[in-house]
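Single-structure report; data block below.
The values are calculated or read from the model by the stated rules, or taken from the named source; none is laboratory data. Keep in mind the model is a prediction, meaning the values are calculated, not measured. Every residue, glycine as well, gets a Cβ built from its backbone with ideal geometry; the counts of neighbours run over all protein chains shown.
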Amino acid sequence: MSKYELKKMRLGDVEGKGYAYKRKTVFGKARKGIFYADDESELEDLQDEDEIEFEGTLYFRDRPRSKSFPAEITEVVPTRQGKRADFADTDNPEELAEDEED
């Protein structure tokens, strides 16, 4: 069971439910999240986009806040509730560190 509650949110132009969370890493704070679209067919269109805007609830240390930030879908996973899109901040410090190493 998730410790975060699904809230109404928007990923790009698609409405649905989900949340984002922030966690500390050795590179800084990283933001990731999950999203269930109201219309699952719209998830495929979102996957093709390089950067989409997240608007919704961001949890950090169990405190919810309304935020928006640029994100990208990293994976779409079938679940019992429907297709879930996992997304990450495009300014994710972990990914930036990997790019610098290349």
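Values as computed for the structure displayed
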quantity: Count of segment 19-45 residues which are part of a strand (DSSP E or B) and either among the hydroxyl-bearing types (S, T, Y) or in contact (Cβ under 8 Å) with a residue 60 or more places away in the chain (or both); calculated: 10
quantity: In segment 51-88, the residues that are in a loop (DSSP other than H, G, I, E, B) and either without any contact (Cβ under 8 Å) to a residue 24 or more places away in the chain or within 11 Å of the chain's Cα centre (by Cα) (or both); calculated: R61, R80
quantity: Residue match in segment 74-84 (condition: among the polar types (S, T, N, Q) and modelled with pLDDT of 95 or more); calculated: no
